[in-house]
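Values in this text are rule-based calculations from the coordinates and carry no lab data. These numbers were taken from a predicted model, which means no experiment stands behind them. Glycine also receives a Cβ, built like all others from the backbone with ideal geometry; neighbour counts cover every protein chain displayed.
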């Protein structure tokens with residue numbers, strides 16, 4: 001479940017990179033396509049759900065190798081999701097410019113969560 005979550009987060013990250021490129025090319029004056037922003041959020045939400053299911057299954061003893069790294073990754077992704085929800089619902093849908101600092105922080109938090117989850121997945125597969 002953790003590996004699948006990681007793969008889906010990678011797909012969401014590709015959408016995030018596209019959104020960020022569009023944001024910075026337009027210097028924040030134009031909104032990226034709503035459909036792309038929505039797809040990015042839905043894909044990331046699916047990955048969060050799979051991560052949560054994986055943590056729940058591991059915590060209940062259905063799988064071995066539970067680590068607090070998975071919880072840290074989950075918390076980071078939830079923080080990134082809050083930033084993404086703010087940008088989409090609080091700014092994008094209202095036609096307001098997206099604040100560049102929030103775009104950057106959202107990306108940094110999500111990338112950090114991805115790296116932490118990757119460390120967990122690689123560590124659990126190598127027995128570390």
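Take every pair of alpha-carbon atoms less than 8 Å apart whose residues are at least six positions apart; their mean separation over the length of segment 2-126 yields a relative contact order of 32 percent. Exposure proxy for 88, 9: other Cβ atoms within 10 Å of each Cβ, ordered fewest to most, give 88, 9. Calculated from the structure, Cα extents along the principal axes in Å equals which of [x] 49, 21, 19; [y] 58, 24, 23; [z] 64, 39, 28? Read-out from the structure maps to [x].
The slack between residue 34 and residue 115, meaning 0.36 nm per residue of separation minus the straight C-alpha distance, is 26.4 nm. Counting 0.36 nm for each residue step from residue 52 to residue 14 and taking away their Cα separation leaves a gain of 11.5 nm. Rounded to the nearest 10 degrees, the inclination of helix 68-85 to the longest alpha-carbon principal axis of the chain is 20 degrees.
Okay, helix-only estimate at 222 nm for the chain: each DSSP H run of n ≥ 4 adds -39500 (n - 2.57), divide by all residues, round to 500 deg cm²/dmol; what do you get? Theoretical 222 nm ellipticity from helices: -26000 deg cm²/dmol. Inter-label distance, residue 94 to residue 122: 4.1 nm, where each label sits 7 Å from its Cα along the C-beta direction.
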